[in-house]
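Q: Below you will find the structure I want to go over with you.
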Amino acid sequence: MSRRGVHGPNSALTEFLREKGINANQIRARFLAREQAENANTNTGSSSADSSATATPATSTTPTAPTPPAATTRRTRSARASAATTPAKGKGKARVLKKRKREDSDDDDDDDDDGDFNVFDYASKAPEVGQQAFCAECDSRFKVTAYSKASEDGDGLLCPPCGRKSAKEEKELVRRAGAEKRTRRVQARKALDAESAGPRSLKDLCIKFVADHIRDVEEFGDLESGVMQRICEILARNRSLDSATLKLFTVPQSEKLTLHDCARIETNELKSIAAFMPQLRHLGLYHAGSATDDVLSYYAEKLPHLESFHLHGAFLVTPTAYSTFFTQIGHQLTSLTLSNTRNTPTLIHTITTTCPNLTALNLSHLTRLDNTCISHLSSLQFLTSLDISHSASEITDAAITPLLESIGSGLTHLDLSGLPSLTGLTTSAIHACCAHLRSLNLSDLPLLSASDITSLFTNWTKNRGLVKLQMKHLSLVDDDALKAVVAHSGRSLEVLNVNSCAELTKEGVMEGLARCERLGKLDVGFVRAVDDEVVEMALGRGVSWVSVWGCAKVTACCGIGRGVTVVGREVEGL
Amino acid sequence: MSAEAENDQESVLLVSNDGFQFLVKKSAACKSPTIRSMLDKRSNFAEARENRIHFENMTAPVLEKVCQYFYYFDKYKGMKDVPEPDFISPELALELLFVADFLDC
């Protein structure tokens with residue numbers, strides 16, 4: 001205790017209590033104080049003549065009369081029991097007996113009692129056990145016992161015959177409550193075990209039907225490819241894209257296939273895609289955890305027209321297999337995505353040497369993408385779209401600046417989000433090099449200050465204006481920065497994300513909106529200053545989609561017209 | 001028909017994009033959260049005021065299947081042994097899946 005800051009090993013509970021500032025000594029001191037006060041009370045009680053009976057209920061907090069029947073029987077009974085034995089709790093049963101005796105013998109105490117009890121609630125005025133009372137229902141005289149019931153309306157007690165009548169109803173109530181509780185429990189268990197009663201959803205029924213009848217694919221009729229793509233997305237979202245339903249989409253003539261969820265498609269099925277669809281030009285596989293080296297070498301062999309290849313989450317594929325794959329077909333690739341997978345600096349080097357024609361490259365969420373890897377990318381001269389976001393290794397300005405100097409002029413899309421070491425040097429490199437940039441993502445770059453953003457967009461005459469700008473979680477961005485953004489890109493901006501830019505004020509956002517002419521999509525989530533007026537203004541200026549999560553000032557009164565979407569209003573969640 | 005539906009708060013009129021009308025019990029149709037929110041009085045949507053929903057994205061055969069599903073669900077709600085539905089046909093299965101996703105049911 002005396003050595004502050006030095007602790008031995010502790011249990012989680014001790015740690016929790018310390019964090020909350022709960023201290024054993026304080027609790028003990030409080031207890032002692034309470035006990036002292038109680039002692040003092042009882043002492044005065046026993047010393048003043050004839051008033052010990054009144055002092056006892058005063059110190060106890062339990063009501064001394066039977067409770068109204070609104071409570072369940074068990075509770076009523078226990079309350080009644082405690083009513084009978086309340087004093088016993090503190091001072092032992094002897095006192096109860098003494099008290100009862102005194103009540104029976106000293107009738108003249110009653111006046112004193114009333115005087116003392118004026119400050120207390122009605123409950124303490126109710127007749128004591130053993131007294132005579134009149135039934136609240138039939139007005140007959142009876143002796144109060146610990147088992148006497150309180151009347152329905154709460155004033156007065158019931159005589160035993162009347163009490164017995166209500167007891168039946170009470171029992172029935174309890175039984176029903178118990179049954180309800182049991183059903184609820186059964187339902188909860190079923191929900192947990194995923195065995196629900198009742199029919200399944202129409203979506204599930206359709207998916208099951210399609211899966212069961214997959215052999216007769218022709219019978220499903222021809223739907224246009226857009227609809228089929230949408231159905232593929234629906235299946236993926238339902239997590240029911242598996243070996244059976246996959247057959248719907250492996251149409252031999254098709255040149256494009258995107259599977260948003262391959263988690264339930266086995267390795268052999270993945271391979272069969274290449275066998276069924278030799279014409280494929282575009283292939284996208286998400287959550288491709290079952291893809292192996294084998295699959296990749298098979299694709300390299302069987303897909304001669306592949307131009308665009310996107311692979312997410314292929315953890316099993318080794319860097320060596322990737323290298324072989326790119327050596328074989330890298331020259332024909334124009335668009336490539338490798339995210340959430342194993343990589344080495346050598347692999348990145350292989351990509352840059354074997355895929356010289358790449359125009360779009362996405363290397364997001366890689367664990368080992370560092371400055372060395374980034375330096376290799378400078379040789380990709382045709383690159384127009386680059387995404388190196390969320391690398392787990394450190395990428396600094398020192399690598400980004402030379403990269404942008406060599407290929408920045410060609411880039412139209414740049415995503416640098418989630419690289420926490422980047423500073424204003426990067427934004428000034430973007431300012432200097434990226435003349436054709438249309439889409440920029442600077443989300444989650446905590447070191448960027450408002451002045452960095454301001455100077456990026458001030459006098460950026462090289463650039464004609466951005467179409468899409470994401471500045472999510474740039475907590476330092478303020479009104480001036482936003483002003484600079486719209487002064488430069490206001491006429492072209494279609495998508496703007498200022499989520500969590502907490503420094504923005506209502507006036508700043510409205511001023512910014514006033515200068516945006518083509519804005520269609522706006523995310524102002526967690527900008528607390530945003531209110532109904534701002535949202536209405538945005539919708540009035542042609543914005544068709546607004547996200548307002550965490551904007552508590554946007555209320556149900558906000559006028560939302562037809563055809564526009566406002567996501568995340570607090571009232572909608574209630 | 002439409003005037004009748006307007007007055008009748010127990011049912012709702014569903015209209016397909018080719019003009020076919022289906023008068024459905026409101027409690028059954030509200031199985032779909034999409035329809036439920038369309039009919040929510042607080043939203044003040046035209047659908048809620050007129051008690052009539054026009055589905056641009058559904059043809060009559062598909063909407064008919066949807067209505068059949070609503071009654072199928074209403075009938076077997078909470079029951080243990082639910083028979084397999086017999087109204088899904090191969091030529092409409094995919095369209096129905098598409099629509100079911102829209103209706104979120």
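The values are calculated or read from the model by the stated rules, or taken from the named source; none is laboratory data. All values reported here derive from a predicted model rather than from experimental measurement. Cβ placement follows ideal geometry from the backbone for every residue including glycine, while neighbour counts extend to all protein chains displayed.
Q: I'd like the residue in region A:540-574 that is aliphatic (A, V, I, L, M) and more than 19 Å from A:Val509 (Cα to Cα) and, out of all such residues, is nearest to the other protein chains (Cβ to nearest Cβ).
A: Ranking the candidates gives A:Ala556 first.
Q: Separate question: Could you tell me whether region B:27-40 includes any residue that is in contact (Cβ under 8 Å) with a residue 24 or more places away in the chain and more than 13 Å from chain A (Cβ to nearest Cβ)?
A: Yes, some residue in region B:27-40 is in contact (Cβ under 8 Å) with a residue 24 or more places away in the chain and more than 13 Å from chain A (Cβ to nearest Cβ).
Q: Taking region A:142-184 only, how many residues are under 16 Å from A:Gly130 (Cβ atoms) and free of Cβ contacts under 8 Å to residues at least 24 places away in the same chain?
A: First pass over region A:142-184, keeping only residues under 16 Å from A:Gly130 (Cβ atoms): A:142-148, A:157, A:159-160.
Pick out the ones that are also free of Cβ contacts under 8 Å to residues at least 24 places away in the same chain and you get A:142-145, A:160.
Number satisfying all stated conditions: 5.
Q: Within region B:46-66, which residues are surrounded by 17 or more Cβ atoms within 10 Å (Cβ to Cβ) and more than 15 Å from the chain's Cα centre (by Cα)?
A: Residues satisfying the conditions do not exist here.
Q: Considering each of A:Glu507, A:Glu503, A:Glu572, A:Glu511 in turn, give the residue that is assigned to a helix (DSSP H, G or I) and within 27 Å of the chain's Cα centre (by Cα). Steps first, please.
A: Values: A:Glu507 fails: within 27 Å of the chain's Cα centre (by Cα); A:Glu503 fails: assigned to a helix (DSSP H, G or I); A:Glu511 fails: within 27 Å of the chain's Cα centre (by Cα).
Going through A:Glu507, A:Glu503, A:Glu572, A:Glu511 in turn, the sole match is A:Glu572.
Q: Something else about it: Is at least one residue of region A:170-192 within 48 Å of the chain's Cα centre (by Cα), assigned to a loop (DSSP other than H, G, I, E, B), closer than 30 Å to B:Gln68 by Cβ and of a type in the set (A, V, I, L, M)?
A: No, region A:170-192 contains no residue that is within 48 Å of the chain's Cα centre (by Cα), assigned to a loop (DSSP other than H, G, I, E, B), closer than 30 Å to B:Gln68 by Cβ and of a type in the set (A, V, I, L, M).
Q: Say whether the condition of being at pLDDT below 90, on the phi < 0 side of the Ramachandran plot, in a helix (DSSP H, G or I) and away from chain A (no Cβ under 14 Å) is met by at least one residue in region B:7-15.
A: Yes, region B:7-15 has at least one match.
Q: Taking the stated definitions as given, is B:Ile53 among the hydrophobic types (A, V, I, L, M, F, W, C), touching a residue at least 60 places away in the same chain (Cβ under 8 Å) and either more than 13 Å from chain A (Cβ to nearest Cβ) or not in a loop (DSSP other than H, G, I, E, B) (or both)?
A: Considered against the rule, which asks whether it is among the hydrophobic types (A, V, I, L, M, F, W, C), touching a residue at least 60 places away in the same chain (Cβ under 8 Å) and either more than 13 Å from chain A (Cβ to nearest Cβ) or not in a loop (DSSP other than H, G, I, E, B) (or both), B:Ile53 comes out as no.
Q: Sticking with this structure for a sec: Just to check your reading of the model, which residue among B:Lys31, B:Lys77, B:Lys25, B:Lys41 is more than 25 Å from A:Gln187 (Cβ to Cβ) and among the charged types (D, E, K, R)?
A: When all the criteria are applied, what remains is B:Lys41.
Q: Among the numbered conditions (1) touching a strand residue (DSSP E or B) at 6+ places or on another chain (Cβ under 6 Å); (2) touching a residue at least 24 places away in the same chain (Cβ under 8 Å); (3) more than 13 Å from chain A (Cβ to nearest Cβ), tell me where B:Asp18 comes up short.
A: (1)
Q: How do the pairs read when you match residues in region A:453-479 that are more than 12 Å from A:Arg438 (Cα to Cα) with residues anywhere that are of a type in the set (Asp, Glu) and in a loop (DSSP other than H, G, I, E, B), using Cβ under 6 Å and keeping only pairs 6 or more apart or on different chains?
A: A:His473/A:Asp444; A:Asp478/A:Glu503
Q: If a residue has to be surrounded by 20 or more Cβ atoms within 10 Å (Cβ to Cβ) and more than 7 Å from chain A (Cβ to nearest Cβ) to count, how many in region B:67-105 make the cut?
A: Within region B:67-105, residues that are surrounded by 20 or more Cβ atoms within 10 Å (Cβ to Cβ) and more than 7 Å from chain A (Cβ to nearest Cβ) number 5.
Q: Could you list, in sequence order, all residues of region A:435-451 that are within 22 Å of A:Ser406 (Cβ to Cβ) and surrounded by 17 or more Cβ atoms within 10 Å (Cβ to Cβ)? Can you show your working first?
A: In the first step, residues of region A:435-451 are kept if they are within 22 Å of A:Ser406 (Cβ to Cβ); the result is A:435-442, A:445.
Of everything in region A:435-451, those that are within 22 Å of A:Ser406 (Cβ to Cβ) and surrounded by 17 or more Cβ atoms within 10 Å (Cβ to Cβ) turn out to be A:Leu437, A:Arg438, A:Ser439, A:Leu440, A:Asn441, A:Leu442, A:Leu445.
Matching residues to (1) surrounded by 17 or more Cβ atoms within 10 Å (Cβ to Cβ); (2) of a type in the set (Asp, Glu); (3) in contact with a strand residue (DSSP E or B) (Cβ under 7 Å, 6 or more places away or on another chain); (4) over 19 Å from A:His390 (Cβ atoms):
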residue: A:Ala300; (1), (2), (3), (4): yes, no, no, yes
residue: A:Ala321; (1), (2), (3), (4): yes, no, no, yes
residue: A:Gly330; (1), (2), (3), (4): yes, no, no, yes
residue: A:Leu336; (1), (2), (3), (4): yes, no, yes, no
residue: A:Asn340; (1), (2), (3), (4): yes, no, yes, no
residue: A:Asn371; (1), (2), (3), (4): yes, no, no, no
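For (1) closer than 28 Å to A:Arg342 by Cβ; (2) under 27 Å from the mean Cα position of the chain (by Cα), each residue gets a yes or a no:
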{"site": "A:Glu394", "(1), (2)": "yes, no"}
{"site": "A:Leu404", "(1), (2)": "yes, no"}
{"site": "A:Leu422", "(1), (2)": "yes, no"}
{"site": "A:Thr427", "(1), (2)": "no, no"}
{"site": "A:Ser449", "(1), (2)": "no, no"}
{"site": "A:Asn459", "(1), (2)": "no, no"}
{"site": "A:Lys468", "(1), (2)": "no, yes"}
{"site": "A:Leu474", "(1), (2)": "no, yes"}
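Q: Quick one: A:Leu425 ticks every box in (1) part of a loop (DSSP other than H, G, I, E, B); (2) farther than 22 Å from A:Thr352 by Cβ; (3) outside the structural domain of A:Leu493 (by TED's automatic domain parsing) except a single one, so which number is it?
A: The failed condition is (1).
Q: Separate question: Confirm whether A:Leu437 is in a loop (DSSP other than H, G, I, E, B) and either under 21 Å from A:Ser385 (Cα atoms) or of a type in the set (Val, Ile, Thr) (or both).
A: yes
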